[in-house]
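Report on the structure given below.
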Amino acid sequence: MKIVILSRNKKLYSTRRLLEAGIERGHDVVVLDTLKCYMDITSTNPAIWYKGKKIEDFDAVIPRIGASITNYGAALIRQFEMMGVYCLTESIALGRSRDKLRALQLLSRKDIGMPATGFAHHVQNPKELIKMVGGAPLVVKLLRGTQGRGVVLAETAKAAESVIDAFRELEADFLVQEFIKEAGGTDIRALVIGNKVVAAMERTAQAGEFRSNLHRGGTAKLTKLTPRERKTAVAAANSLGLRVSGVDLLRSSRGPLIMEVNSSPGLEGIEAATRKDVASAIIQYVEQNARPKPPRRTKSKG
């Protein structure tokens, strides 16, 4: 098969591993810089160009779209979809996962467990919003933020009011979310491919930090999920239409609660913690679901 990986940097761990895995399994794999692709939008022959060459005859696309270029990345995926190319992450699914509010609303519609959450842009009485999610301590999140940025733990009601006032002054949309005390500074990252959890790790925040992101000093180790946790992770991924995703969940007294569903999950941390070849599992899924295009017929001369 001919496979395109969309990534800003081919040296990134996840991109490099997918490239290696694809080549090892006998495929023709190339990495294209998402922002250097440009599109010919026509009704009869939509096309994508890269460095002066037309991108043709590819069977599948594996998007690795960073949050800062979501809009352009989604447009590029749509163009591939118009050309009939199989996209591992579809444009609609990417948009759903990057809009935190929409993602939570879709999870809620499917009755998937998640912390009590409030959403606001401008609220006259912050106390009402704080009460709605069960009081302090609570977490306040900017609607647009990644990798733990724009996330604040307010340990008291007074602190929560101050953070809400600050976000309100910034004219920013934000979420106010229940703090799950019993999680104890740990969360679970489940890597979901199709309808299966292929790897899972438990992440623990460093001392004095409540965010367990590995790049913020958190540590990770292999963990075994319960059947309910596996079912919840798969249901969360499916509710957003994601074929490959990193589902972050908390272990609470009332069962697993979904925090976030990531459409471009990093592979370095989970492969190191679980010793599983997640990159090859992703390539195998593409093999099973993308249909290779038949070679073009060339007209014989004479």
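Taking helices (runs of 4 or more DSSP H) as the structural unit, those lying wholly within segment 1-100 and holding at least 2 residues that are within 24 Å of the chain's Cα centre (by Cα), under 16 Å from N289 (Cβ atoms) and modelled with pLDDT of 95 or more correspond to 13-24, 70-82. Taken across segment 74-84, residues that are closer than 15 Å to S7 by Cβ and of a type in the set (S, T, N, Q) do not occur at all.
Each row is one residue, and each column tells you yes or no for (1) over 30 Å from R251 (Cβ atoms); (2) in contact with a Ser or Thr (Cβ under 9 Å, 6 or more places away or on another chain).
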site: H27; (1), (2): yes, no
site: T42; (1), (2): yes, no
site: I48; (1), (2): yes, no
site: D57; (1), (2): yes, no
site: Y72; (1), (2): yes, yes
site: L94; (1), (2): no, yes
site: D111; (1), (2): no, no
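Total residues in segment 158-172 satisfying the condition of being surrounded by fewer than 16 Cβ atoms within 10 Å (Cβ to Cβ) and touching a helix residue (DSSP H, G or I) at 6+ places or on another chain (Cβ under 8 Å): the figure is 1. For segment 129-150, the criterion of being at pLDDT below 90, of a type in the set (S, T, N, Q) and within 20 Å of the chain's Cα centre (by Cα) is met by at least one residue.
Considering only segment 156-196, state which residues are in a helix (DSSP H, G or I) and touching a Gly at 6+ places or on another chain (Cβ under 7 Å).
Narrowing segment 156-196 to residues in a helix (DSSP H, G or I): 157-169, 181-183.
Passing the criteria: only A157.
The values are calculated or read from the model by the stated rules, or taken from the named source; none is laboratory data. Bear in mind that the values here come from a model prediction, so they are computed numbers and not experimental data. A quick note on method: Cβ atoms are made from the backbone with ideal geometry, for glycine too, and the neighbour counts reach across all protein chains shown.
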